[in-house]
Each structure stands twice: as structure tokens, then as C-alpha cells.
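Report on the structure given below.
The values are calculated or read from the model by the stated rules, or taken from the named source; none is laboratory data. Quick caveat: nothing in here was measured; it's all calculated off a predicted structure. Here the Cβ positions follow ideal geometry from the backbone for every residue, glycine too, while neighbour counts run over all protein chains shown.
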């Protein structure tokens with residue numbers, strides 16, 4: 001019996017017994033068995049998952065910023081409460097995902113530091129500004145929709161803690177999607193000013209949304225291995241198609257257009273055709289050169305630094321290393 | 001000796017009594033809306049993720065309570081909650097200055113929230129016996145949430161007060177800054193006597209004494225002291241507010257005011 | 001680098017009196033008292049809850065997945081289960097048709 005141990009021996013190619021252990025591991029994973037923190041796993045599996053879950057967690061906490069900034073401006077009680085709850089959920093999801101990542105051997109302090117130093121990445125979409133209330137509606141609907149396509153799939157993945165976190169996340173996302181769609185219906189069927197606002201927002205967000213699921217399979221170096229290890233169950237292109245199939249009809253039904261002249265449904269291939277996003281642009285953005293990238297990092301860094309005295313104070317209080325009480329007044 | 005509870009709105013109230021009830025409701029609603037708005041400004045920016053999540057819930061509680069109080073006003077013939085929140089100017093608001101103070105650092109926000117929640121708990125306890133039944137029912141309904149707010153506040157205040165030299169000094173600065181405004185939560189108004197005679201609520205200064213009994217032990221446990229002999233900051237209950245309320249309302253109302261007739 | 005992110009507590013959540021406490025996840029907190037306050041919102045803001053437990057992660061002892069085979073049965077253990085008996089048939093044959 002051990003206390004929450006982790007087995008890290010012989011987990012790299014070339015280590016004695018690695019090939020055998022790898023074969024047994026892959027057989028289990030293909031069967032649909034889940035991998036738990038105490039299990040042996042290839043070093044690459046561990047590292048890939050750390051990277052992937054870390055990016056996901058970072059995306060939630062950074063995603064809270066463009067929308068959170070609009071809570072003070074939400075125009076009705078219902079929207080104010082719903083947006084506050086939604087952004088709270090995003091922060092809650094970050095919490096669940098950081099915890100899942102920690103089970104693979106990184107401390108949360110390291111995970112936080114890697115984000116604010118710029119070393120770790122987060123989703124392309126959160127490198128952009130939410131300029132108007134309609135931006136919030138588009139983000140709340142279509143970006144959550146794109147994320148749900150990804151998350152619902154990943155929730156069936158092989159790593160236990162990540163799958164469990166994602167199941168909880170998917171349950172909460174149901175309200176996000178409904179709320180986001182509700183906001184978009186209201187604006188798209190509202191006054192001329194509102195309709196113009198949402199069309200303008202969609203025009204600006206379309207390209208980032210099309211890039212959300214990541215480069216096409218030819219470009220994605222991680223996809224093959226992640227799919228073999230059942231971390232990822234659908235390719236980026238497959239996810240993008242799922243998103244378009246479900247949401248393009250809804251977008252068009254609202255009387256909105258998308259700024260891609262090539263976008264059309266190919267009846268024969270049963271697929272949406274679109275202008276291939278500029279993946280070099282995508283790389284530049286996720287590497288920290290998007291319009292809002294510097295602001296996001298500055299905000300996260302400030303929150304972390306300004307909160308340091310709070311975390312240290314409660315650590316000291318918990319350890320009994322408290323500042324002495326002032327001398328009694330009487 | 002409370003008068004018999006008034007079940008239906010408008011049941012046999014004189015103009016003076018009606019004005020007193022409406023004024024009380026606006027004070028309750030405006031306090032909740034404004035402090036809830038301030039708390040919501042921390043979303044995504046808290047010192048640690050778990051703390052962020054907790055404060056966000058508290059913000060939603062306050063904003064939700066505000067909406068409920070505005071609904072009671074709507075039942076008394078005033079416009080609907082969204083109109084009351086998003087179309088009134090600062091001079092029409094009846095919140096105390098404590099609510100609108102900018103959020104400052106975590107020490108300030110936690111201290112302000114604690115002083116406010118202590119006042120709320122004392123006030124809600126009194127309102128549970130309110131002779132206006134809809135308000136009594138609402139006060140009882142929100143009691144559980146307020147109990148959590150007070151628990152949250154006591155926990156944070158005592159631990160930050162006792163943590164490190166830095167946390168103690170920030171907390172004391174926060175108490176010093178917030179306390180005069182907290183006293184303003186109990187600003188006596190011209191309606192006090194009518195409100196007490198109607199059995200709606202005890203007089204403000206009576207509530208303030210009960211509030212002090214809640215707050216002082218917690219501050220003592222935290223190694224903090226309330227500033228002595230300080231003048232309360234009054235004016236909020238009469239519609240006289242510092243500039244930060246106007247700034248807050250401008251931010252809060254700007255999207256709504258793009259088109260107040262539209263559905264948002 | 002000093003870790004200021006606080007130690008981990010596992011959270012258990014009881015939906016209603018009479019139900020067992022169920023593990024729902026974990027949080028970072030400086031101590032148990034704060035852990036209860038913070039867990040209430042991270043894990044109790046939606047589902048019905050009447051009670052929460054928090055346990056420091058270091059207080060949990062666990063078996064190893066490598067030893068999962070100790071839970072496998074090496075022989076037929078149906079003698080532990082009601083289905084492992086033909087008693088219903090036998091009771092009927094001696095005139096008892098009521099529930100066992």
C-alpha cells in the first residue's frame with residue numbers, strides 16, 4: 001500500500017523494458033481503460049497531457065478576462081447575473097483543469113508562472129479584444145460552441161482526471177451555450193442598431209473562430225500520437241466540420257452572414273468548404289502576438305503578483321506563524 | 001407592538017407610510033446592487049482561483065437580492081427592476097457611500113464586504129419580523145446566503161488580520177478607510193420614526209449598535225481595531241453621493257442606454 | 001520557487017441527509033476552515049448539498065493500481081451472493097411460495 005504514489009521509472013524509449021510496458025499500456029488504452037495518476041505511463045504521454053491540459057486551463061482563466069470585463073456593463077439583471085455566473089464557471093473550470101494537470105506532476109505555482117512568463121500558451125481566441133456588447137454575445141455562443149465540440153469529445157479520453165474534469169465542465173457548458181445563443185437571438189432579431197452590432201462582431205470574430213480547433217491535420221504534429229493514445233478522439237478538421245455542420249445553419253437562420261466568400265456546403269462531399277485560415281497568423285497569435293496578448297499577460301501577472309501577499313498571509317496564518325496581536329488596549 | 005402584517009401591497013397605507021416603505025426598499029435594493037457590482041469587478045482577478053470563485057457567488061447573491069427588492073418596488077407601482085437599475089441617475093439612488101467605494105486591494109474589498117455583510121445580517125434579522133409581509137418573507141429567504149457571507153467575511157478578516165505584518169497593515173488601513181462609510185449604512189433618515197411606528201424595522205441607530213456587537217469581536221480576533229471617535233459619512237440616504245457612484249452607474253448603464261426601448 | 005498556491009484538500013459532498021458523502025474533486029486552501037468556505041462555492045454552488053467534508057490530500061492512503069489484481073476473485077465466490085443459491089426452487093418444492 002502506498003500513499004498516492006506515482007510510477008515514473010523506465011518511461012522513456014531506450015529504457016530497459018520500455019517497449020513491453022508501452023505495448024501493455026497501448027493495449028489497455030485501445031480497450032478503453034482509463035489511465036489514473038498512479039499508473040505507469042510513457043514519459044511522452046505525461047508530457048503531452050501536461051501541455052494540453054495546461055493550455056486548456058490557461059484558456060479558461062484567460063477567457064474569463066474579455067467577458068469578465070463586460071460584467072459591469074451588462075444591460076439587464078438577467079444578463080448581468082448570467083454573465084457573472086458564466087465567467088465564474090470559466091474560472092471554476094480553470095481550477096478543475098489545473099488540478100487535473102497537477103496530478104501529472106507539476107505544481108500549480110509552476111503552471112501559473114509558466115502562463116504569466118509567456119512560456120505556456122492559451123487558445124487563440126482569447127488573444128483578441130471584446131470591443132462591444134455584441135462581441136460578448138458572439139463569444140458566449142460560438143466560442144463556447146466550438147469549445148463544447150472539443151470538450152465533449154475529449155471527455156471520453158484516456159486520462160482519468162482530465163476526463164472527469166471535462167465531464168463536469170460539459171455539464172456546466174450547457175447553460176453557457178443556451179445563454180450565448182439567447183443573447184445572439186436577442187441582438188440578431190432586435191433593433192437595427194443591435195443587428196448591426198452583432199453582424200459587425202461576427203465579422204471580426206469569424207477568422208479567430210475558424211482557427212479555434214487548430215491547424216489542419218497536415219500541420220498538426222501532435223495529433224497522430226494523441227489519437228493513438230486516445231487523448232484526442234477526433235482530428236482538428238473533424239471538430240471544425242462538426243462545429244460548422246451544427247452552427248452554420250443557425251447563423252444563417254439568424255440572418256447573419258460570415259465574411260468568407262468561399263464558405264459553402266459541398267453536398268457531394270457532405271462537408272463545409274471554407275477559406276483555409278492563415279496558420280502562420282495563428283502561430284504568431286498563440287505565441288503571444290495577438291492584439292490583446294500583452295494585455296492578457298499583464299492582467300494575469302498583476303492579479304498573481306497583487307495576490308501574493310494574500311496567499312502568503314493565509315499560509316502563515318495556517319502554519320501558526322502569525323503576526324503577534326497588538327498589546328491589549330486596557 | 002407591531003401592527004398586523006400587511007399582506008397586500010398598497011393595503012391601507014397613508015402617503016407618508018407608503019413613502020417610508022418605498023424609501024426603505026430603495027435603500028436595501030440600491031445598497032445590494034452597487035456592492036454586488038463592485039464585487040463582480042473581481043471576477044478573474046482574485047488572488048487565487050478558489051477565492052475568485054467564492055467572491056463571484058457573493059456578487060451574484062447581492063445582485064439577485066437587489067433584483068428581488070426592486071420587484072417589491074414594482075409590486076408597489078414603481079417601474080420594473082431593469083428600469084429602476086439602469087435608468088435612474090445617481091441623485092435618485094439611496095445607497096450608502098460604503099457600497100460604491102472603488103474595490104481597492106483585496107484587503108479593502110474583503111473588509112468592506114465584511115462590514116457590509118455584518119450590517120446586512122443584523123438588518124435582515126430585524127426585517128424577518130417586518131410588518132410588511134413580502135419584505136419579511138424575502139428577508140427570511142435570503143438569510144442562508146447572508147449566513148455564508150458572514151462566515152466568508154469572518155474567515156478572511158481574521159486570517160488576513162493575523163497572517164503577516166504586511167497583511168495586518170493592509171487590513172488595518174482597510175478598516176480605517178471603510179469604517180466611517182460603514183457607519184453611513186445606518187444614516188438616520190426622515191422616515192425612521194414612521195418606519196418604526198409601522199413595525200417595518202427598528203430605528204437605524206438601534207441596528208448600528210447590534211452591528212457593532214457583531215463586528216467588534218471579529219476585529220479583535222483579527223488583531224485589528226476600529227478607528228475611535230470617527231465621524232460617519234452621511235448623505236447617501238438623501239441622494240448625495242461621491243463622484244464614484246456616478247462613474248459606476250455610467251459604466252453599468254452604458255449598454256442599456258444605447259437603446260432603453262430595446263430588448264437586451 | 002516557493003509555492004504560494006496552498007496545499008490540496010479533497011472535497012466530499014453530501015447531497016441530502018441519508019445519502020453518502022461523495023468525492024467531487026479537490027481545491028487548494030491554506031487550512032481546513034478556509035477549505036470548507038471555498039469548497040462550498042467551487043463544488044456546491046449548483047447541486048443540492050447539505051454537508052461538505054474536506055480532507056488534506058496527505059491524509060489519504062491508497063492502494064496502488066499495480067495491485068488492482070488483489071481485488072480479482074481467484075475462485076467462485078458466488079456463495080456470497082443470493083444468486084448463488086437454488087433455494088427459491090427448493091423452497092417452492094416444499095410448499096413455500098412466499099418471498100425468501
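Brief remarks on what is shown
This table checks each residue for (1) away from chain A (no Cβ under 13 Å); (2) crowded, with 24+ Cβ neighbours inside 10 Å; (3) within 20 Å of the chain's Cα centre (by Cα).
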residue	(1), (2), (3)
B:16	yes, no, no
B:30	yes, yes, yes
B:37	no, yes, yes
B:59	no, yes, yes
B:64	no, no, yes
B:82	no, no, yes
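- Condition check for residue A:79: more than 7 Å from every other protein chain (Cβ to nearest Cβ) and out of contact with any strand residue (DSSP E or B) (no Cβ under 8 Å at 6 or more places or on another chain): no
- Residues that are more than 10 Å from chain A (Cβ to nearest Cβ) and crowded, with 19+ Cβ neighbours inside 10 Å, drawn from segment B:237-253: B:237, B:241, B:245, B:249
- Residue in segment A:78-86 that is in contact with a helix residue (DSSP H, G or I) (Cβ under 8 Å, 6 or more places away or on another chain) and at positive phi present: no
- Some residue of segment A:265-282 being within 14 Å of chain B (Cβ to nearest Cβ), surrounded by fewer than 19 Cβ atoms within 10 Å (Cβ to Cβ) and not in a loop (DSSP other than H, G, I, E, B): no
- Options B:234, B:256: the member that is surrounded by 18 or more Cβ atoms within 10 Å (Cβ to Cβ), at pLDDT 95 or above and within 14 Å of chain A (Cβ to nearest Cβ): B:256
- Every residue from segment B:189-225 that is free of Cβ contacts under 8 Å to residues at least 60 places away in the same chain, touching a helix residue (DSSP H, G or I) at 6+ places or on another chain (Cβ under 8 Å) and in a loop (DSSP other than H, G, I, E, B): B:203, B:225
- Single residue of B:143, B:136, B:128 found to be in contact (Cβ under 8 Å) with a residue 60 or more places away in the chain, touching a helix residue (DSSP H, G or I) at 6+ places or on another chain (Cβ under 7 Å) and either more than 8 Å from every other protein chain (Cβ to nearest Cβ) or crowded, with 23+ Cβ neighbours inside 10 Å (or both): B:136
- Residue count for segment B:186-202, restricted to those that are over 22 Å from residue B:93 (Cβ atoms) and surrounded by fewer than 19 Cβ atoms within 10 Å (Cβ to Cβ): 5
- The single condition from (1) within 25 Å of residue A:313 (Cβ to Cβ); (2) within 14 Å of chain A (Cβ to nearest Cβ) that residue B:114 fails is (2).
- Residue within segment A:140-160 that is part of a helix (DSSP H, G or I), more than 30 Å from residue A:191 (Cα to Cα) and within 13 Å of another protein chain (Cβ to nearest Cβ) present: yes
Yes/no per residue for (1) exposed (fewer than 11 other Cβ atoms within 10 Å of the Cβ); (2) under 16 Å from residue B:54 (Cα atoms); (3) away from chain A (no Cβ under 12 Å):
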residue	(1), (2), (3)
C:4	no, no, no
C:7	no, no, no
C:16	yes, no, yes
C:24	no, no, no
C:30	no, yes, no
C:35	no, yes, no
C:40	no, yes, yes
C:45	no, yes, no
C:48	yes, no, yes
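- Test: residue in segment B:195-208 that is modelled with pLDDT of 95 or more and closer than 20 Å to residue B:110 by Cβ: no
- Residue match in segment A:124-135 (condition: in a helix (DSSP H, G or I), within 7 Å of another protein chain (Cβ to nearest Cβ), within 14 Å of residue B:40 (Cα to Cα) and more than 18 Å from the chain's Cα centre (by Cα)): no
- Check on residue A:118, under 17 Å from the mean Cα position of the chain (by Cα) and on the phi > 0 side of the Ramachandran plot: yes
- Out of A:202, A:256, sole residue that is under 25 Å from residue A:281 (Cβ atoms) and either in a helix (DSSP H, G or I) or modelled with pLDDT under 95 (or both): A:202
- Number of the exception - residue B:166 against (1) at pLDDT 95 or above; (2) within 14 Å of another protein chain (Cβ to nearest Cβ); (3) crowded, with 21+ Cβ neighbours inside 10 Å: (3)
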